[in-house]
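These notes concern the structure reproduced below.
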Amino acid sequence: MRSNNFFRDRRDFLRASAATLAAGALPTSLFSSNETFATYSSSSSPSKPQRIILDTDPGVDDAIAIFLALRSPELKVEAVTPVCGNVPLSLTLPNALRLVEIAGRTDIPVAAGAATPLVRRLVTAKYAHGNNGLGGVDFPEPKLKPVSETATELIRRIVRANPGEISIVAIGPLTNVATVLKSDPMIAPLIKSIVIMGGSLSGGNITPAAEFNFYVDPEAARIVFDSGIPLTMVGLDVTRKVLIRDEQVRPLEAAQTPVSQAAGKILRANFDRLHKASNAIDFAMHDPLTVAQLIDPSVVTLKDFFVEIETTGELTAGQSLGYPHGPVRRSPPLETGLPAADSPEPEFKPNAKVAVEVDPDKFFRLLLARLTSAA
Ligand code: BDR
Ligand code: CA
C-alpha cells in the first residue's frame with residue numbers, strides 16, 4: 001500500500017518524471033522549445049498539497065482524471081465518491097475501486113454515492129463511455145472494497161473534521177454534493193470550494209441547451225450554484241477544445257507503468273468503439289481538464305459570472321446561463337391582470353469562476369507527463 005506522500009519529496013517526483021522523459025516515453029513533439037516537461041515538474045509542486053474529495057462517475061474521461069489526480073503531488077485526494085451518471089452506480093462504484101487500485105492508492109477511501117438523481121430518472125451516457133463505462137475494457141474485479149459509510153456521510157465527516165480545508169472536485173452529476181448540502185444545511189461555509197466539470201455558456205452536448213452532468217441532475221446543480229460556496233465551473237466552452245487523439249494515446253501505451261497501461265487501454269478501446277460507431281478520431285478530456293487546472297491554474301482562464309441553472313424548461317432543463325454583469329433578467333412574468341409589483345433590481349453578485357479559455361497543448365503536456373511518470 002502506498003502512502004499519500006508517494007513521492008517522498010519534490011526531488012523524488014522530479015527524478016521519476018525526468019527518468020520517464022529520458023526513457024523516451026513521451027514524444028518530444030509534445031514539448032515546445034521553451035516549455036518543456038521540466039516546466040511541469042519544477043514549477044507546480046507546492047509544499048502544501050490541495051486537499052480534495054473527488055466526486056466522479058467513471059466514465060472514460062473520469063478514469064483519466066482520477067489517474068491524473070492520484071499521480072499529482074499538488075493534490076491530496078482524501079476520498080473518492082462515485083455517483084451514478086455515465087453508467088449506473090452498480091458500475092461507477094466498482095470502476096472507481098478498480099482505478100484507485102490500479103494507481104496503487106488503496107489507502108484512499110471510496111464510498112458509494114447516489115444511485116439515482118435527486119428527483120429524476122437516471123439517463124446514462126453509455127454511447128460515449130461503453131457499456132461498462134471504461135470503453136468496454138474488462139479489468140479484473142477489484143479487491144478493494146468501499147468503506148461502510150455512504151458518500152454523503154464520508155464527505156460530511158471529512159469536511160467537518162477539516163473546516164475550510166477541503167475542496168470537492170465534482171466531475172459527474174452533482175447529486176452527491178447536493179445531498180451533502182441538503183442533509184447538513186450548516187456545512188456550506190466549511191467547504192473551501194467546489195470545482196465542477198459541468199455546464200456550458202455556449203450550448204450543450206446532450207441537448208442543444210444542456211451539458212450532460214447538469215442535464216442528469218439539474219436540481220442538484222441548482223442547489224450547488226445557490227449554495228454560496230466558492231465555485232469554479234469548467235464547462236464545455238473549454239473542455240470541447242481538449243480533444244485526445246491517437247498521437248497522445250501512443251505514449252501512454254509505450255510507457256510501462258500500471259497507470260499508463262490502463263489509461264492507454266481505456267482510451268484505445270474507446271477510440272476504436274467511437275471510430276466504428278461514428279468515424280470519430282478524437283474525443284474530449286472534460287474531466288481531466290478540470291483536475292489539471294487545479295494543478296496548473298494557467299491551463300485555463302477564469303472569469304467571474306453569475307450562473308443560474310434551468311430546472312423547469314421542458315426542453316432546456318440543466319442549461320446553465322452565465323451573466324457576466326447585471327442586470328440579471330428573467331423571463332417576463334405572466335400577465336395576470338393584477339397590477340405589476342415593483343421589484344427592485346437585485347445587486348449583481350458573481351457566484352462562480354467560469355473557464356473561458358484554455359491552452360490545450362499545455363494541458364496535454366501536463367496530462368501525459370503525469371500519467372507516464374514512473375512512480
Ligand atoms: C461530462 O459528462 C460525462 O459524460 C463526462 O464524464 C463529463 O463529466 C461531459 O459533459
Ligand atoms: Ca464525468
Checklist entry - Of everything in the stretch 118-133 that's surrounded by fewer than 19 Cβ atoms within 10 Å (Cβ to Cβ) and part of a loop (DSSP other than H, G, I, E, B), which residue is farthest from ligand 2 (Cβ to nearest atom)? => result Val119
Item to check | Pick from the stretch 316-374, criterion hydrophobic (A, V, I, L, M, F, W, C) and part of a strand (DSSP E or B), ranking: surrounded by the most Cβ atoms within 10 Å (Cβ to Cβ) | outcome: Val354
Next on the checklist: Leu190 - would you say it is among the aliphatic types (A, V, I, L, M) and touching a Phe, Trp or Tyr at 6+ places or on another chain (Cβ under 9 Å)?
Outcome noted: no
Next on the checklist: Report every pair of residues separated by at least 6 positions or lying on different chains whose Cβ atoms are under 9 Å apart, first residue within the stretch 124-153 and more than 16 Å from Leu89 (Cβ to Cβ), second surrounded by fewer than 15 Cβ atoms within 10 Å (Cβ to Cβ).
Outcome noted: Tyr127/Ala277; Gly135/Asp272; Gly136/Asp272
Item to check | Single residue of the stretch 85-109 satisfying the filter (within 12 Å of ligand 1 (Cβ to nearest atom) and in contact (Cβ under 8 Å) with a residue 40 or more places away in the chain) that is surrounded by the fewest Cβ atoms within 10 Å (Cβ to Cβ) | outcome: Val87
Checklist outcome for this item: Of the residues in the stretch 273-313, those that are β-branched (Val, Ile, Thr) and within 15 Å of ligand 1 (Cβ to nearest atom) number 3
Next on the checklist: Let me confirm something: among Ile66, Ile53, which residue is in contact with a Ser or Thr (Cβ under 9 Å, 6 or more places away or on another chain), crowded, with 22+ Cβ neighbours inside 10 Å and closer than 21 Å to Ile244 by Cβ?
Outcome noted: Ile66
Checklist entry - What number of residues within the stretch 197-217 satisfy the criterion of being touching an Asp or Glu at 6+ places or on another chain (Cβ under 7 Å) and within 16 Å of ligand 2 (Cβ to nearest atom)? => result 6
Checklist entry - Using beta carbons and a limit of 9 Å, which pairs, at least six apart or on different chains, have the first residue in the stretch 308-337 and at positive phi and the second one of a type in the set (S, T, N, Q)? => result Gly318/Thr207; Gly318/Asn213; Gly318/Thr311
Next on the checklist: Quick check on the stretch 233-258: of everything there that is under 18 Å from the mean Cα position of the chain (by Cα), closer than 24 Å to Ala103 by Cβ and not in a loop (DSSP other than H, G, I, E, B), which residue is farthest from ligand 1 (Cβ to nearest atom)?
Outcome noted: Ile244
Next on the checklist: Looking at Thr152 and the list (1) under 16 Å from Asp55 (Cα atoms); (2) within 14 Å of ligand 2 (Cβ to nearest atom), which single condition is not satisfied?
Outcome noted: (2)
Next on the checklist: Among the residues of the stretch 279-294, are any more than 16 Å from ligand 2 (Cβ to nearest atom), in a helix (DSSP H, G or I) and of a type outside the set (Lys, Arg)?
Outcome noted: no
Checklist entry - Mind checking whether some residue in the stretch 212-232 is among the β-branched types (Val, Ile, Thr), in contact (Cβ under 8 Å) with a residue 24 or more places away in the chain and part of a loop (DSSP other than H, G, I, E, B)? => result yes
Checklist entry - For Ser148, are the conditions met, namely being of a type in the set (Ser, Thr, Tyr) and under 24 Å from Leu302 (Cβ atoms)? => result no
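Just so you know, all these numbers are worked out from the coordinates, no wet-lab data involved. The structure presented is a predicted model; accordingly, all values stated were derived computationally and were not measured. Using ideal geometry, Cβ is built from the backbone for each residue, glycine included, and neighbour counts are taken over all protein chains shown.
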